[in-house]
1. Could you go through region 3-17 in sequence order and give the Karplus-derived ³J(HN,Hα) for each residue, using 6.51 cos²θ - 1.76 cosθ + 1.60 with θ = phi - 60°, rounded to whole Hz, and x for Gly and Pro?
2. Pairing rule first: another cysteine's C-beta must sit under 4.7 Å. Under that rule, which cysteines of the chain stay single?
3. (i) 57, 27, 19; (ii) 64, 24, 21; (iii) 76, 60, 36: which one is Cα extents along the principal axes in Å as calculated from this entry?
4. For region 34-154, which whole-number percentage of the solvent-accessible area (1.4 Å probe, protein heavy atoms only) is attributable to carbon and sulfur atoms?
5. Before anything else, pin down the relative contact order of the chain: Cα pairs under 8 Å, at least 6 apart, normalised by residue count, whole percent.
6. What share of all Cα pairs of region 58-144, in percent, falls into each consecutive 10 Å distance bin?
7. Excluding ligands and nucleic acids, what accessible area in Å² is computed for L55 using a 1.4 Å probe, to the nearest 10?
8. Quick check: the angle from helix 77-106's long axis to the longest principal axis of the chain, C-alpha only, nearest 10 degrees?
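The values are calculated or read from the model by the stated rules, or taken from the named source; none is laboratory data. Keep in mind that what you see is a predicted model, and the values were worked out from it rather than measured. Here Cβ is always computed from backbone atoms with ideal geometry, including for glycine, and neighbour counts include all displayed protein chains. Accessible surface areas use protein heavy atoms only, side chains included; no ligands, DNA or RNA. Shrake-Rupley method; radii C 1.70, N 1.55, O 1.52, S 1.80 Å.
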Amino acid sequence: MRELAGSPGSWSGLALRLSQFAFAAASVCVMASARDFANYTAFCYLIASMGLQALWSLGLACLDGYALKLEKDLRSAVLVSLFVVGDWVTSILSFAASCSAGAVVVLFDRDAFFCSRDPHLPCGTFELATAFAFLSWAFSGTSALVMFWLLASP
C-alpha cells in the first residue's frame, strides 16, 4: 500500500482525525449550549451523530498517536477494512445530520421567519453548531475517501 496524506499511523492522519474530533466536539458543545435544542429532532440527531463522530475520531487519533510513538504500521488490509467501514458509516451519518440540521436552520431563518419573530430562539447558535458539523463531515469524508483509496490500492 502506498503512503497517502491522511493514512493511518501518519502525522497527516493524526491531524485529520484531530480535526474531525475538534469540529464534532465543538458542534456538540455549541448545540448543547443552545436553549430548547431538544425540542427539534434534527438537532437531537446532530448531537447524537456528532457525538459518535467525536468518539470514533478520538479513538482513531489515539491509535494514530500510539502508532507514531512506537513506529507501528497500521496499514494492514484488515485494519484498513475496519477503518473504511467505520469512516464511511460515521461520514454518512454526519452528512445526514448536518443536512437535516441545516434544513431546519434555513426553515427557521429564511422560510418561516421564526428567528425574526422570536428573539429568544438561538438561531445563531443553531447555525454555528451546524457549520461545525459540516466542517467535521468534510474532514470525515476526506478520511473515508483516503481509507477507501488505501483499501483499493495494491
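1. Listing the rounded values in order: 7, 10, 5, x, 5, x, x, 10, 5, 5, x, 5, 5, 4, 5 Hz.
2. Singleton cysteines: C29, C44, C62, C99.
3. (i)
4. Numbers: 4610 of 6400 Å².
Ligands and nucleic acids excluded, carbon and sulfur give 72 percent.
5. Numbers: 201 pairs, mean separation 59.7, N = 154.
RCO, the chain: 39 percent.
6. 16, 34, 23, 16, 9, 3
7. Using a 1.4 Å probe on the heavy atoms, I get roughly 130 Å².
8. Helix 77-106 sits at roughly 10 degrees to that axis.
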